[in-house]
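**Q** Provided herewith is a single structure, encoded as structure tokens, for subsequent inquiry.
The values are calculated or read from the model by the stated rules, or taken from the named source; none is laboratory data. Since this is a predicted model, take the numbers as computed values, not measurements. Cβ sites come from the backbone with ideal geometry, for glycine too, and all protein chains shown count toward neighbours. When the accessible area is computed, the model is the full protein with side chains, heavy atoms only, and any ligands, DNA or RNA have been set aside. Shrake-Rupley method; radii C 1.70, N 1.55, O 1.52, S 1.80 Å.
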Amino acid sequence: ASWSPDDTIVFATNEPTTGLLRVPAGGGQPEVLTTPDLTKGVEEDHLFPSVLPGGQSVLFTIAPAAARWEAGRLSGSGANVQVAVRALTTGARRTLIRGASQAEYVDTGHLIYNAAGTLRAVRCELATLDVLGDPVAVLEQVMTAGSGAANFSVARHGTLAYVPGNGLPVHPMGKS
């Protein structure tokens, strides 16, 4: 879930195929923001929302249909996972990074994201949401769940907290 400056919360559920939802912080009926493209078997779910500064857009992860949920874990090819952005006002959507999940924006003008248990950073122009240059590895071997969720959090000003691991997916009960 991600809290927006307009006092709404953008969130994903643990139910594949639901996409992203938005609800007022004070409660109410959730509004559908994204719906995975199930018609062509391309997408299965939208995960890990992160509202960008200014609250005009949200980053999220597209889980491919080639991946399958097994015992609460996302399995399949990580290369098909994508980080996308959706404009909250127009609904326009586009892919920013392929082979990546769980992106967060930091005030240095970078996106920090998970790629197979390695945190990477790439420059991103906030006004245009264009990715600039090549990504660099920031931190290797971050504990990562089978869903693509890396155990890290980064503050907008850049402070990073993480759980070390071998970079391999772990089972929900902590067994690798």
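**Q** Give me the percent relative contact order of the stretch 1-60, please, defined on Cα pairs under 8 angstrom at least 6 residues apart.
**A** In percent, rounded to a whole number, it is 31.
**Q** Then there is this: Please give the net charge around Gly28, taking every other residue with its beta carbon less than 12 angstrom from that of Gly28, where Lys and Arg add +1 and Asp and Glu add -1.
**A** In short, -1.
**Q** Also, quick follow-up: How much net charge surrounds His46 when only the other residues with a Cβ under 15 Å from the Cβ of His46 are counted, with Lys and Arg +1 and Asp and Glu -1?
**A** Values: positive: Arg22, Arg86, Arg93, Arg94; negative: Glu15, Glu31, Asp37, Glu43, Glu44, Asp45.
Its environment carries a net charge of -2.
**Q** In a shell of Cβ-Cβ distance under 13 Å around Gly91, excluding Gly91 itself, what net charge do Lys and Arg (+1) and Asp and Glu (-1) give?
**A** +3
**Q** Related question: At a 1.4 Å probe, what is the % contribution of carbon and sulfur to the accessible area of the stretch 1-57? Mind dumping the intermediate values first?
**A** Numbers: 1560 of 2890 Å².
Here carbon and sulfur together make up 54 percent of the probe-accessible area.
**Q** For Phe11 and Leu38, FRET efficiency with R0 = 35 Å and r from the beta-carbon atoms, rounded to 0.05? Intermediate values should be presented prior to the final figure.
**A** Details: r = 20 Å, r/R0 = 0.57.
That gives a FRET efficiency of 0.95.
**Q** Quick one: length gained pulling Leu132 to Asn80 fully straight, 0.36 nm per residue minus the C-alpha distance?
**A** 16.6 nm
**Q** To the nearest 0.05, what FRET efficiency results for Ala25 and Thr95 with a Förster distance of 35 Å applied to their C-beta separation?
**A** Using R0 = 35 Å, I get an efficiency of 0.75.
**Q** Let me ask something else. What are the semi-axes of the equivalent ellipsoid for the stretch 80-167, taken as the square roots of 5 times the Cα gyration tensor eigenvalues, largest first, in whole Å?
**A** Three semi-axes, in Å: 22, 15, 12.
**Q** For the stretch 116-156, which whole percent of the accessible surface, found with a 1.4 angstrom probe, sits on carbon and sulfur atoms?
**A** Working: 1040 of 2080 Å².
That share works out to 50 percent.
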